[in-house]
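*Asks:* Let me give you the structure first, and then I'll get to my questions.
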Amino acid sequence: MIKGDEHSTVGNQLAANSTCEIPHHFIDKLLFNVNPQQMDTLQEIILNTPETDEARIQLIKEELAAGTYQIQSQDIAAKLTERTLQAVEQPEMA
């Protein structure tokens, strides 16, 4: 487990390498119960995951302009639930 000021260092590294804004008060409260190898893997995944899907954005813009875009709230809820369950059920990284 990362203790003391170590969690701030990790959070600051992630925030420095990202274009999204993460409130520092949130970063300062992050505590991770992972070993250093798991932390390196998680950091690699976070830093290499694109923040936007440009093709999807373009499609939505076109649908909005054409007046055909429809929000599928049930699909959104299902994906959020699925991803949450995957995160909870995912076995520990070796």
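*Asks:* Give me the number: length gained by fully extending L85 to L42, i.e. 0.36 nm times residue separation minus the C-alpha to C-alpha distance, one decimal in nm. All intermediate terms of the calculation are to be shown ahead of the outcome.
*Replies:* Details: separation 43, 0.36 × 43 = 15.48 nm, distance 1.75 nm.
13.7 nm is the gain from fully extending L85 to L42.
*Asks:* Continuing with this model, one more query. For the range 52-94, what value does the Rg/Rh ratio take when both radii are computed over Cα atoms and Rh is the Kirkwood radius, given to two decimals?
*Replies:* Values: Rg = 15.3 Å, Rh = 12.7 Å.
A ratio of 1.20.
*Asks:* Convert each backbone phi in the range 46-57 into a coupling constant with the Karplus relation 6.51 cos²θ - 1.76 cosθ + 1.60 (shift: θ = phi - 60°), then list the ³J(HN,Hα) values in order as whole Hz, x for Gly and Pro.
*Replies:* The phi angles translate into 4, 6, 9, 8, x, 7, 9, 9, 4, 5, 5, 4 Hz.
Coordinate-derived values only; no laboratory data. Because the structure is predicted, anything quoted here is derived from the model rather than measured.
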